[in-house]
1. Please work out which residue is nearest to G32 (Cα to Cα), limiting yourself to region 70-85 and to residues that are of a type in the set (D, E, K, R) and touching a helix residue (DSSP H, G or I) at 6+ places or on another chain (Cβ under 8 Å).
2. Say whether the condition of being part of a helix (DSSP H, G or I) and free of Cβ contacts under 8 Å to residues at least 24 places away in the same chain is met by at least one residue in region 257-274.
3. Select, from D209, D227, the only residue that is assigned to a helix (DSSP H, G or I) and free of Cβ contacts under 8 Å to residues at least 12 places away in the same chain.
4. K63 passes all but one of (1) of a type in the set (D, E, K, R); (2) in contact with a Leu (Cβ under 8 Å, 6 or more places away or on another chain); (3) within 14 Å of V119 (Cα to Cα); which number fails?
5. I'm checking my understanding of the structure. Among residues of region 84-141 that are modelled with pLDDT of 85 or more and of a type in the set (V, I, T), which one is nearest to S70 (Cα to Cα)?
6. Restricting the search to region 259-278, which residues are surrounded by fewer than 17 Cβ atoms within 10 Å (Cβ to Cβ) and among the β-branched types (V, I, T)?
Amino acid sequence: MDELFVDPNQMVQDAIVSALKPHARLAATGWGFYPDPRFDDLDAQQRMLVVLLGRKASHLAQKVATDRISRQELCTLAAVGDGTFRPYAPRMERAGLIRREGDEIWIPDESVVRAANVVLGRLSVVETRPGDGGKRNQKSPADEEAAREAPTESDNHDHVRDETVSPAQSVAARKRRRQPNGFRRARSAKDFMVLYSGKVDLSVFPHPDDLEDPVRLALLPLLIARDGYHLEGLPLREIVTFLREKYGREAQESEIEAALNSVRGRHVDYRFDTHLSQKIYCLLDQGRAFVSDLGRSSPSPRSAGDLSADGAE
């Protein structure tokens, strides 16, 4: 009989460790979330739960004052957009996995073990709780919110399924859903935060030290956004920020703009995005081949400075 009784606090801690250890590490002081490569293999629901479990662990270890996290920070750390968050959150809340109050989200203590099982694939989907069968025709506030907040087109590859499936089927389905289907446009500035998530191995792309001319350097962030994150294009400010944050390369927007304009129509083009109210530079197929060709088999396009010199002559 004594074997049936356990320390609930120890069970919570063991569940958190088992779910987090394969996917992320936490800062020893304060709050810091550092995903491991296997974090990318999780679906959107699991990634959000991993972040929330990490926050819970930091709170239990007295690293932070609260286990709550803002919606914006959760989406950033879990690498999900608003279109993915909106349908997921009400369903997870209805299932009792999370709680929300205003803009704050957290996992209640009694749901930590269940959340960990979802991350580990033991519970494959968010299921309706037993006892709700007689109330299926009555919409809860979470149901109404989920109906109002339908997923966007960019999230068609990451739907929430309501039927029960086996863990093996769930893994196979996630792999199918996560296959890229073309490129997507950023709907807000927050969508560009995925560039800094560390989800893509930059070593598979050319390094700025190997790019001898300013045109290839300006095209490099567009190549990584296109092939690594399937983003259609980037604004000038994001190109400059990416070069500084990821490679420590300082560049002025005017310099990047001059370099890109010098190869417009050949390697790059731009459009004006009405949602973002700014110009978006998009890499063409010729530009992708050009920036990846480190053998310099063809002469580099003439830089903006060369063109200015010709005009002066």
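The values are calculated or read from the model by the stated rules, or taken from the named source; none is laboratory data. What you are looking at is a predicted structure, and each value in this text was computed from that prediction instead of being measured. When we count neighbours, we look across all protein chains shown, and the Cβ atoms used for this are built from the backbone with ideal geometry, even at glycine.
1. R71
2. yes
3. Residue meeting the stated conditions: D209.
4. (3)
5. Residue satisfying both the conditions and the ranking: I105.
6. T274
This table checks each residue for (1) touching a residue at least 40 places away in the same chain (Cβ under 8 Å); (2) buried (at least 20 other Cβ atoms within 10 Å of the Cβ).
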| position | (1), (2) |
| --- | --- |
| T29 | no, no |
| G54 | no, yes |
| D67 | yes, yes |
| S70 | no, no |
